[in-house]
Amino acid sequence: MLSFMIGMFAIPQIVEAFATDESAIKRKLDTNVSMSFPTFKEIKGLASTILKSALIGVGIGAIPGTGGPIAAFLGYDQAKRKACSDEPTLDCVAGPEAAHNGVTGGALIPMLTLGIPGDPATAILQALHPRFKIRAPCSSRRTRASSMESMRRSLSSISLAFSIRASASVSS
């Protein structure tokens, strides 16, 4: 069942690949892209925006059914207020990204406490829980120690899943 769910996420990409003209793909590949990393001084200046936006993302992620786009808009709003100009700044990039990344951690809160997945990623993680015999603390009458053990196992499996996902994205 889990393999089926993951495969369903690929269907829109497959349909888009068949519908796209080959010349458009070649045009996309011919563009030259360069990248530069911000200096340490610039990153240090972004710390307040990143922290504020990440906390916004965790708060939004803790509400089941909300997700990255809402947090990204609110993070952008906070960054834009700090920038006080119409010109694009690093704050306007770091704010939405930090908020969007904060949603992932926030979505784990309702899953681990109430057994309600906050977003599709946590729904997949929750589908893995029976395989590892992990349940949300409120789903059965157990002692506090066994609930903490369940949460430890859950966080370990989530960490493993994210590590596998990160290594797969780095290798590709």
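Assorted remarks:
- For region 54-136, the square roots a ≥ b ≥ c of the C-alpha gyration tensor eigenvalues yield an a/c of 1.5 or more together with a/b exceeding b/c, which makes the shape prolate.
- Inter-label distance, nm, simple model (7 Å from Cα along the C-beta direction), Ala10/Ser156: 3.0
- By accessible area with a 1.4 Å probe, ligands and nucleic acids excluded, highest first: order of Arg81, Arg152: Arg81, Arg152
- Mean Cβ count within 10 Å, highest first, over the residues of peptides 11-17, 110-116: 110-116, 11-17
The values are calculated or read from the model by the stated rules, or taken from the named source; none is laboratory data. From a predicted model like this one, the values you see are computed outputs, not experimental measurements. Positions of Cβ are generated from backbone atoms using ideal geometry, with glycine treated the same way; all protein chains shown enter the neighbour counts. Note: accessible area is taken over every heavy atom of the protein model, side chains too, but ligands, DNA and RNA are not part of it. Shrake-Rupley method; radii C 1.70, N 1.55, O 1.52, S 1.80 Å.
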